[in-house]
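Here the structure is laid out as structure tokens; the discussion comes afterwards.
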Amino acid sequence: MKIPSSIWTLLIGIALTLISLWYGQNHGLLTIAASEEAAEVDGLFNIMMTISTGIFLLVEGILIYCAWKYRRKAGDDTDGQPIEGNVPLEILWTVIPAIIVLGISVYSFDVYSSLSGVDTHSVQQAPIAQTSQSSVSGSAIAATLPDASQVKTANMDISIPLAQRKPADVIVNIMGLQYAWIFTYPKTGITAGELHLPVGKQVQVNMTASDVIHAFWVPEFRLKQDAIPGRESVFKFTPNKVGDYDLICAELCGPYHGAMRTKVVVETIEAFEKWQQEQLVASKENLNQALAINSRNGSSATFLNSHSKHMDIS
């Protein structure tokens with residue numbers, strides 16, 4: 001019994017669809033999801049994997065079939081029949097990819113907008129640090145940076161309902177510079193080189209850079225956002241798994257770009273509050289030590305003059 005080609009086409013289409021749907025949901029290519037927003041990004045990635053798997057199997061299957069079906073047979077030196085084109089087929093394989101690309105683009109933009117939570121058309125100008133090109137110490141570089149706590153928060157999109165525009169539980173101002181991240185918590189005045197966050201609390205990040213473009217990337221959060229000099233990037237997320245995660249600069253920013261990474265510590269609310277208290281106590285102790293040294297060395301002008309050559313100040 002000869003099975004009609006239309007039945008074969010239907011069976012192959014069903015098989016390709018089932019295989020694509022299964023692999024699109026079970027590829028195992030992503031790291032663990034450690035934020036509530038990760039589900040949206042994973043959903044987008046899974047859809048793209050499903051479509052890509054189906055297209056790959058279809059194209060490769062046709063190529064293999066044609067290579068076998070129309071292979072050169074022994075003793076046959078004639079040319080194949082000329083093909084002058086098929087307009088409906090050409091329209092079909094042009095329109096379908098266009099629809100797929102357009103659909104993924106709209107979906108991607110919707111996911112990105114939901115993560116940023118702000119008006120993507122409004123740009124906030126952040127202060128730019130002007131540093132000397134001469135060789136200076138790390139403390140001198142830090143002295144020339146603008147205070148990250150002074151970076152203004154971008155205006156929320158007025159199209160977002162008022163009920164959804166409640167302030168985040170934790171606000172962190174991030175400054176990227178060659179080759180480190182500086183984190184400032186404006187509510188407490190804490191500044192650190194390691195990002196600590198409470199689990200289950202919404203975090204708003206106001207980020208900029210002091211020199212060149214950097215990129216904030218935490219794979220487990222499914223977040224990647226550029227830090228641009230003179231421009232503030234604002235986004236929100238909610239970490240939902242306790243643990244230590246790598247924050248990686250994903251934009252080539254200089255010869256030591258590979259070393260520009262630090263830790264993101266997601267901890268319980270109690271542990272986060274304890275860490276804040278420890279940072280405040282340590283900051284107060286450092287201030288008391290500085291005042292004590294200053295008093296032993298006379299006036300503030302005298303004290304600073306002895307260190308001006310190290311700070312490239314004339």
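The values are calculated or read from the model by the stated rules, or taken from the named source; none is laboratory data. Given the structure is predicted, the values throughout are model-derived calculations rather than measurements. For neighbour counting, all protein chains shown are included, and Cβ atoms are generated from backbone atoms with ideal geometry for every residue, glycine included. Just the protein is used for accessible areas: all its heavy atoms, side chains included, with ligands, DNA and RNA removed. Shrake-Rupley method; radii C 1.70, N 1.55, O 1.52, S 1.80 Å.
Brief remarks follow.
- Subset of segment 15-35 [open to solvent by 80 Å² or more (accessible area, probe 1.4 Å), more than 30 Å from residue 198 (Cα to Cα) and of a type in the set (A, V, I, L, M)]: 18, 19, 21
- Residue 241 open to solvent by 10 Å² or more (accessible area, probe 1.4 Å) and under 27 Å from residue 43 (Cα atoms): yes
- You will find that of 93, 68, the residue that is modelled with pLDDT of 85 or more, over 37 Å from the mean Cα position of the chain (by Cα) and among the aromatic types (Phe, Trp, Tyr) is 68 and no other.
- Residue list for segment 36-51, restricted to those being of a type outside the set (A, V, I, L, M) and either open to solvent by 70 Å² or more (accessible area, probe 1.4 Å) or over 27 Å from the mean Cα position of the chain (by Cα) (or both): 36, 40
- Qualifying positions in segment 68-98 - assigned to a loop (DSSP other than H, G, I, E, B) and either at positive phi or open to solvent by less than 100 Å² (accessible area, probe 1.4 Å) (or both): 75, 76, 80, 85, 86
The rows are residues; the columns are (1) loosely packed, with under 15 Cβ neighbours inside 10 Å; (2) at pLDDT below 95; (3) touching a helix residue (DSSP H, G or I) at 6+ places or on another chain (Cβ under 7 Å); (4) among the β-branched types (Val, Ile, Thr).
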residue: 153; (1), (2), (3), (4): no, yes, no, yes
residue: 198; (1), (2), (3), (4): no, no, yes, no
residue: 217; (1), (2), (3), (4): no, yes, no, no
residue: 228; (1), (2), (3), (4): no, yes, no, yes
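- Which numbered condition residue 232 fails, given (1) in contact with a Ser or Thr (Cβ under 8 Å, 6 or more places away or on another chain); (2) outside any strand (DSSP E or B): (2)
- Figure legend. Inter-residue proximity from segment 264-277: first residues touching a residue at least 12 places away in the same chain (Cβ under 8 Å), second residues among the small types (Gly, Ala, Ser), beta-carbon distance below 7 Å, spacing 6+ or different chains. Indicated pairs: 266/34; 266/243.
- Inclusion of residue 217 among residues that are among the hydrophobic types (A, V, I, L, M, F, W, C), under 20 Å from residue 182 (Cβ atoms), touching a residue at least 24 places away in the same chain (Cβ under 8 Å) and touching a His at 6+ places or on another chain (Cβ under 8 Å) is not warranted.
- Counted residues, segment 247-285 - those being part of a helix (DSSP H, G or I), more than 16 Å from residue 194 (Cβ to Cβ) and open to solvent by less than 30 Å² (accessible area, probe 1.4 Å): 0
- Subset of segment 99-114 (residues that are open to solvent by less than 70 Å² (accessible area, probe 1.4 Å) and not polar (S, T, N, Q)): 100, 103, 104, 111
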